Each structure stands twice: as structure tokens, then as C-alpha cells.
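The values are calculated or read from the model by the stated rules, or taken from the named source; none is laboratory data. If you're wondering where the values come from, they're calculated on a predicted model, not measured in any experiment. Because the Cβ atoms are built from the backbone with ideal geometry, glycine has one as well, and the counts that use them run over all protein chains shown. Quick note on the areas: whole protein, heavy atoms, side chains included, nothing else; ligands and nucleic acids left out. Shrake-Rupley method; radii C 1.70, N 1.55, O 1.52, S 1.80 Å.
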Amino acid sequence: MTELLNRTDRDVLRAADLLRAGALVAFGTETVYGVGADALNAQAVAAIFAAKGRPHFNPLICHYESEEAAFAHVEAPEMARRLADTFWPGPLTMVLPRRVTCPVALLAGAGLETLAVRVPAHPVAMRLCRAFGRPIAAPSANRSGGVSPTSVAHVLAGLEGRIAAVIESGPCRVGVESTVVDLSGPEPFLLRPGGVNLEALEAAIGPVRRGITPGRAEASRTLRSPGLLVSHYAPALPLRMAAKDVRADEGLLAFGPPLPGAGAVFQLSESGNLNEAAARLFEGLHWLDAAAGLAGIAAMPVPETGLGLAINDRLARAAAPRG
Ligand code: TXA
Ligand code: MG
């Protein structure tokens with residue numbers, strides 16, 4: 001059974017105790033819900049991979065209560081410090097070289113010499129990190145390959161009975177996962193578009209390389225981030241992107257005035273607001289997936305600016321041929 005916890009101090013302390021005991025606890029962040037374990041406890045980290053059915057070569061993000069705590073475990077060049085000062089706490093993950101003294105379980109980083117670190121901005125995530133006092137290794141709280149959760153209901157739909165507890169944390173303000181930027185090489189490299197816009201990132205540190213285009217064959221060859229499997233975030237129904245029309249047996253993921261004729265419509269943002277659309281994206285995929293009588297999902301075009309980059313990345317993965 002999975003215990004349902006609330007946002008009270010008592011329940012957050014209970015969650016920290018569970019983590020200390022090596023158990024798995026799901027909690028809200030400003031991006032999506034994560035399923036956390038004590039990052040220093042290799043067995044607890046292994047349990048995350050088992051609960052999600054996640055391939056062991058796909059490393060996890062470690063969540064810290066502060067920049068100081070994070071940079072005590074990884075080597076942070078000037079650029080990383082600037083990004084931390086600008087975007088932390090917030091939806092940005094940095095991949096940096098582990099310090100030789102880094103106590104985080106090697107399995108959390110899938111044996112790599114780098115570690116992904118982030119300081120989340122959600123009040124529940126922050127309180128849990130502080131109460132626990134150690135880094136929390138936490139991927140999104142969904143079964144591997146599935147759609148990320150933005151509510152307790154989504155978490156339980158995938159992981160009920162597989163994790164010790166989930167903290168009811170309210171909504172996820174951003175709604176798509178953190179931006180992952182690799183700063184371990186000679187130049188910054190965008191591994192995953194996400195909650196921090198590329199534009200904002202580049203305003204802070206200058207040009208950032210982008211190499212991976214989801215859905216393209218070369219993606220697998222240029223794969224820098226083992227977790228960036230092309231087919232990912234996949235709803236059960238097949239999905240087509242940038243749809244110009246919709247069939248009666250399809251659910252429509254609308255952005256702006258909806259195309260006529262759909263079997264069901266989920267509106268991401270009537271006014272075409274990308275932040276609103278990102279916050280509603282996974283809710284929409286979960287909802288259409290559960291709607292009766294649909295044979296597929298048609299997603300309307302979303303512009304490639306701001307959070308549109310992250311939205312299109314997730315839609316492309318959802319649309320990619322299933323591996
Ligand atoms: O917003 C988020 O980032 C959420 C919340 C819970 O924080 N977490 C999340 O975790 O999305 P996950 O495991 O679903 O995605 C982590 C991504 C994966 O694509 C993984 O491959 C990449 O980060 N990653 C982690 N460590 C890495 C490393 N050392 N080198 C390269 N990529 C890494
Ligand atoms: Mg994930």
C-alpha cells in the first residue's frame with residue numbers, strides 16, 4: 001500500500017523518516033512529481049529503478065536544498081555558479097563532474113563520472129530536502145517511458161503499491177521537466193529543453209549547443225544523455241504532432257481555437273499562452289489517454305519559442321515510433 005501524506009510539517013517529517021529508512025517517497029516539484037530515495041543509499045536508489053521499470057543506464061537527478069549543498073558534491077565552474085545564482089531554486093538541472101569525495105551512490109549517476117544536480121523551487125520539495133538533510137535522487141514519478149505525473153492521481157495510477165508514500169503537494173506550476181544542461185564539457189550543451197527557456201539560459205551564459213533532435217535517427221548516435229531515449233513520455237494512444245485536421249475517433253490536444261470535428265478536446269491554452277500550455281501538457285495527455293473510445297491523439301502546432309521548445313520535445317517523443 002502507498003501511504004498518502006499531506007503538506008503538514010508532521011507529514012513532511014514522516015516522509016523524511018521514510019527516506020532515511022531507505023523507502024521511496026513521491027513528492028511534488030514545480031516541474032512534475034518526482035519519486036525520491038536517499039541518494040547516498042545504493043539499495044534505495046536501486047529500488048527506484050525497480051519501481052519504475054527504468055533501465056539502469058539512465059541516470060537520476062539529485063535534488064539539493066541549496067546551491068552550497070549541491071556544489072559540495074560536484075565541481076562547479078564559474079558558468080555553473082552563474083546559472084545557479086540566476087535560476088536556482090528552479091527548473092534547471094546541471095550535469096557536472098562528481099567531486100572525488102562525492103558520497104552519492106554511483107548507481108544514481110548510472111556509473112557516470114558526472115552527476116545531475118538541481119535545487120527545486122516547490123515549497124514541498126524544498127521542505128523535504130531540508131528535513132531530510134541529504135540529496136534526494138528523484139526521477140519523474142511515472143513508469144519508465146510513460147507520461148510524467150503532475151498530480152497525485154497520476155502518480156498513483158503508475159506507482160500505487162510500488163512506493164511507500166506520496167505527498168499531496170498541490171499543482172506543478174511549470175508542468176514540464178527541468179531543463180538539463182551539461183556543463184562538464186568544453187562548452188555548455190542542452191541535453192533536454194525544459195522549464196527554463198533556452199533564451200533565458202543563453203542570456204545568462206552565452207551560446208548553448210543543441211545536438212539532439214527527437215525523432216531523428218542520428219539522435220541515438222549522438223546520445224549524450226542516456227535517458228533521452230527517443231520514444232518517451234508516451235501515452236498509450238498513438239499521437240500525431242502539428243495536426244492540421246482531426247478525425248472523429250481522435251482526441252484533440254488544442255492550442256488556441258480548436259480544430260473542428262474531434263472526438264474529445266483538451267485545451268492546452270485557449271489564448272495561445274505557452275506557459276499555461278506547458279503546465280497543462282501532461283494533464284492533457286493523461287486525460288485523453290483515459291477518455292473512452294479514442295483511437296489516437298492529434299496535437300495542434302505549438303510555436304518553437306520559449307516553453308514551446310520543451311512542449312514540442314515532449315510531443316515529438318510521444319509521437320516517435322515505440323521501441
Ligand atoms: O523536472 C525534473 O527534472 C524532474 C523532477 C522530479 O525534478 N525529474 C526528471 O527526472 O525529469 P528524469 O529522471 O525523468 O529525467 C532526468 C534526465 C534524464 O534524461 C537523464 O538521462 C538525464 O536527466 N541525466 C541525469 N543524469 C545525467 C548525467 N550524469 N549525464 C547526462 N544526463 C543525465
Ligand atoms: Mg522522466
Nitroxide proxy distance, nm - points 7 Å out along Cα→Cβ at THR86 and SER66: 2.3 nm
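How large is the direction-averaged shadow of the alpha-carbon convex hull of the chain, in nm²?
On the way: hull surface 61.4 nm².
About 15.4 nm², averaged over all directions.
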Long-range amide H partners of ILE297 with built H, under 5 Å: LEU239, ARG240, GLY251
Accessible area (Å², per residue) of segment 3-220, counting only protein heavy atoms and a probe of 1.4 Å: 38 Å²
Theoretical ellipticity at 222 nm over the chain - DSSP helices of four or more residues, -39500 (n - 2.57) apiece, nearest 500: -8500 deg cm²/dmol
Mean separation of Cα contacts under 8 Å (6+ apart) over length of the chain, as relative contact order %: 20 percent
Accessible surface of segment 28-185, 1.4 Å probe, proportion on carbon and sulfur as whole %: 55 percent
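Relative contact order, percent, of segment 144-215 when contacts are C-alpha pairs under 8 Å separated by at least 6 residues? List each step's numbers first, then the result.
Working: 66 pairs, mean separation 15.5, N = 72.
Relative contact order for segment 144-215 comes out at 21 percent.
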Long-range amide H partners of ALA105 with built H, under 5 Å: LEU40, ASN41
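What percent do you get for the relative contact order of segment 1-147 when only Cα pairs under 8 Å and 6+ apart count? Write down the numbers at each step before the final one.
Working: 276 pairs, mean separation 51.8, N = 147.
Relative contact order, segment 1-147: 35 percent.
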For segment 188-196, 3J(HN,Hα) per residue [Karplus equation, 6.51 cos²θ - 1.76 cosθ + 1.60, θ = phi - 60°, Hz, x = Gly/Pro]: x, 9, 7, 8, 8, x, x, x, 9
Counting DSSP beta bridges with both ends in the chain, the antiparallel % (nearest 5): 40 percent
Prolate/oblate/rounded call for segment 239-319, Cα gyration tensor, a/c under 1.5 rounded: prolate
Cα gyration tensor shape of segment 1-113, rounded if a/c is under 1.5, else prolate or oblate by comparing a/b with b/c: oblate
Per-residue SASA entry for LEU259, accessible area with 1.4 Å probe, Å² rounded to 10: 40 Å²
Whole-Å distance, taken between Cα centres, linking segment 17-62 and segment 74-122: 16 Å
